[in-house]
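Contents: one structure, followed by commentary.
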Amino acid sequence: MQPVNISAPAYFHKVVDCQWACPAHTPVPEYIRLIGQGRYSDAYMINWVSNVFPGVLGRTCDRPCEPACRRGRVEENNGETPEPVAICRLKRVAADHKDDVKSRMPTVAPSNGKRIACVGAGPSALTVARDLAPLGYQVTVFDSEAKAGGFIRSQIPRFRLPESVIDEETGYVLDLGVQFVSGHRVESMRGLLDQGYDAVFVGCGAPRGRELDIPGRKEAAANIHIGIDWLASVSFGHITSVAPRVIVLGGGNTAMDCCRSARRLGGTDVKVIVRSGFEEMKASPWEKEDAQHEGIPIVNFHVPKSFDHDNGKLTGMTFEVVRAVYDDKGRRSLVPTGEPDVFFACDTVLLAVGQENAFPWIERDCGIEFDRWGLPVLGKDSFQSTVPHVFFGGDAAFGPKNIITAVAHGHEAAVSIDRFLHAESVAQRPAPLTQLMSQKMGIHEWSYRNDVSNDTRFKVPWADAEKALASIRVEVELGFDAAVAFKEASRCLNCDVQTVFNRDTCIECDACVDICPMDCITFTANGEEDDLRGRLKAPASNTSQDLYVSAELKTGHIMVKDEDVCLHCGLCAERCPTGAWDMQKFLLNTTQAGPGCRDSARVHELSAAGPSQGARAPLGGSAVHGVTSVGVHTSRSACKPST
């Protein structure tokens, strides 16, 4: 194997599993340490720069970071099912416990004369507005609803996400000089283009729920509702009650929101019926758990055959019972079991069987091309359409995903718009900004807490069940208090504090090998990766995690470290008599819209910095939180630092 290049941003970025998995690449360990220190406002601002809606996401994120969390791999003997750090709920702690942060929001630059139109006021469009408005762009956001937020406001129930949180965090964006045109549905792309905007961003979401065309659908239509439309009606107060017996069809998060909402609006017999198995359901595991906790059964492997009715009045549904059969390539088929069909009585059915994109307002002859699935043809990373100054993002780009993915799309689209309006290629993406800095304070002292907590994951307290189920607006989860937040934050393994090896000072004494609690380190002869993985002190079977391979040492051996289960405890560096190991904090910030994302500005800055300065933060770019946590971290800031 060749020696790894630790100067490449992707290497240590991948070791920080949570940040690597986050679509917006939020520096998770950085803000968790700040929460542990009680610096909630600083932790909030780190989040705000990266994911724009910390309070919203701290309650509703799909949490791609948590399955990636290292604790789930190293805690095998600490409980029956090892659990990751509660990253999402710690994000909420920062939002709930912060001070007033209005004074720390970006200063808006004078107008640059460029006009941007955003269609939709959901998370992707608001992210574009957040990134571009401080740079002097005149951003106008159009939305058919009275308030900003998009599906955050219309489809997420208030018992999961209070409206006050949405108002606060959309307000931070709109207060940056963004013009919000509420109650205005854009009816024509051609008409919008004729208004002379320098760029247009489409972030209108996937507003159409899928139908289920089976016998009885038309006849019983009065009591059959599309899930996302029904949730919007509940959110805006148009629906305040539901009949006692409710069937929810679908296995995603929308289905979970529908069934839990129906339970609060008067449904006494609410059930979710899914064609797939429980494990194959698309809903997040915690969403399914929450529904079951509230007494809502989930019936699996039932395929709907008909809506049954009596002269148009819905009486129930008939289902065929199936089982899953897999072929030799792992492809699943649902095969009837031969059991009799099953009938479930009901008064109302909510359809949550998927969402689709709908662009009836975009004329098909205006130059924007669509693929066979009805999605716009876009540059994969640039989000640029076939009309060069029109960009898409969020669910409108590649189909329904989630909030954090929409935010990530918004950041990338804003970079593209900024580069496009400076006559630079949108296909070229700016590199992230990284820092690697020693955390050594003394012979056996580090500037971070390197003790490994043995605590299992702490549970978020819930409101009293009777009170929570009595109202659609009573928030169920109460959030961690400061004491529990500290304990949960202490479970973080500080995966961003990297073990950095210096072959020139290594004497191959094996002291690091002896003290490593996870047997991560081996000194051995080189070889092909498959061979090498099997010869380590503890075989490295997880090929999704890299091996840290050094250049050849004086003996002809190499140092190999399995990054998979390293605890980042620093014992190797403490034990090493020659300082061949060091603990260095790796900080990566994606480059956002602004001079830092432009070719000319980056060339000028790097030449001014000189060869000894390394990577630096862009002017008004991504490293904008302006806070100090572990070690020395200074960045030029578009957000104002704390005083």
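Per-structure values
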item: Of all residues in the stretch 190-220 being open to solvent by less than 20 Å² (accessible area, probe 1.4 Å) and modelled with pLDDT of 95 or more, the one that is nearest to the chain's Cα centre (by Cα); result: GLY203
item: Filter result (among the basic types (Lys, Arg) and under 36 Å from the mean Cα position of the chain (by Cα)) within the stretch 534-567; result: LYS537, LYS561
item: Residue in the stretch 473-484 that is open to solvent by 50 Å² or more (accessible area, probe 1.4 Å) and farther than 30 Å from ALA232 by Cα present; result: yes
item: Test for ALA133: is it in a loop (DSSP other than H, G, I, E, B), in contact with a Gly (Cβ under 9 Å, 6 or more places away or on another chain), closer than 21 Å to MET105 by Cβ and of a type in the set (A, V, I, L, M, F, W, C); result: no
item: Output for the stretch 34-51, where each listed residue is buried (at least 24 other Cβ atoms within 10 Å of the Cβ) and either over 11 Å from the mean Cα position of the chain (by Cα) or within 22 Å of THR456 (Cα to Cα) (or both); result: LEU34, ILE35, ASP42, ALA43, TYR44, MET45, ILE46, ASN47, TRP48, VAL49
item: Subset of the stretch 8-45 [assigned to a loop (DSSP other than H, G, I, E, B) and touching a residue at least 60 places away in the same chain (Cβ under 8 Å)]; result: VAL16, CYS22, PRO23, ALA24, HIS25, PRO27, GLN37, GLY38, ARG39
item: Residue within the stretch 274-288 that is at pLDDT 95 or above, open to solvent by 20 Å² or more (accessible area, probe 1.4 Å) and not in a loop (DSSP other than H, G, I, E, B) present; result: no
item: Flag if CYS118 is within 14 Å of the chain's Cα centre (by Cα) and either of a type outside the set (S, T, N, Q) or buried (at least 18 other Cβ atoms within 10 Å of the Cβ) (or both); result: no
item: Top-ranked residue in the stretch 77-136 [being touching a Cys at 6+ places or on another chain (Cβ under 7 Å) and of a type in the set (A, V, I, L, M, F, W, C); ranked as farthest from PHE480 (Cα to Cα)]; result: VAL119
item: Selection count where residues are in contact with a helix residue (DSSP H, G or I) (Cβ under 9 Å, 6 or more places away or on another chain), part of a loop (DSSP other than H, G, I, E, B) and farther than 16 Å from ASP308 by Cβ, scope the stretch 342-366; result: 10
item: Given (1) surrounded by 13 or more Cβ atoms within 10 Å (Cβ to Cβ); (2) farther than 30 Å from GLY191 by Cβ; (3) of a type in the set (A, V, I, L, M), index of the condition ALA345 fails; result: (1)
item: Residue match in the stretch 172-189 (condition: among the acidic types (Asp, Glu), at pLDDT 95 or above, open to solvent by 30 Å² or more (accessible area, probe 1.4 Å) and more than 32 Å from the chain's Cα centre (by Cα)); result: no
item: Selection count, the stretch 485-507, where residues are open to solvent by 40 Å² or more (accessible area, probe 1.4 Å) and not aromatic (Phe, Trp, Tyr); result: 6
item: Test for ALA262: is it open to solvent by less than 10 Å² (accessible area, probe 1.4 Å) and either in a loop (DSSP other than H, G, I, E, B) or without any contact (Cβ under 8 Å) to a residue 24 or more places away in the chain (or both); result: no
item: Test: residue in the stretch 402-423 that is within 24 Å of the chain's Cα centre (by Cα), open to solvent by 40 Å² or more (accessible area, probe 1.4 Å) and modelled with pLDDT under 95; result: no
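The values are calculated or read from the model by the stated rules, or taken from the named source; none is laboratory data. As the structure is a computational prediction, the values presented were derived from the model and not from experiment. Positions of Cβ are generated from backbone atoms using ideal geometry, with glycine treated the same way; all protein chains shown enter the neighbour counts. With ligands, DNA and RNA removed, areas are computed over all heavy atoms of the protein, side chains included. Shrake-Rupley method; radii C 1.70, N 1.55, O 1.52, S 1.80 Å.
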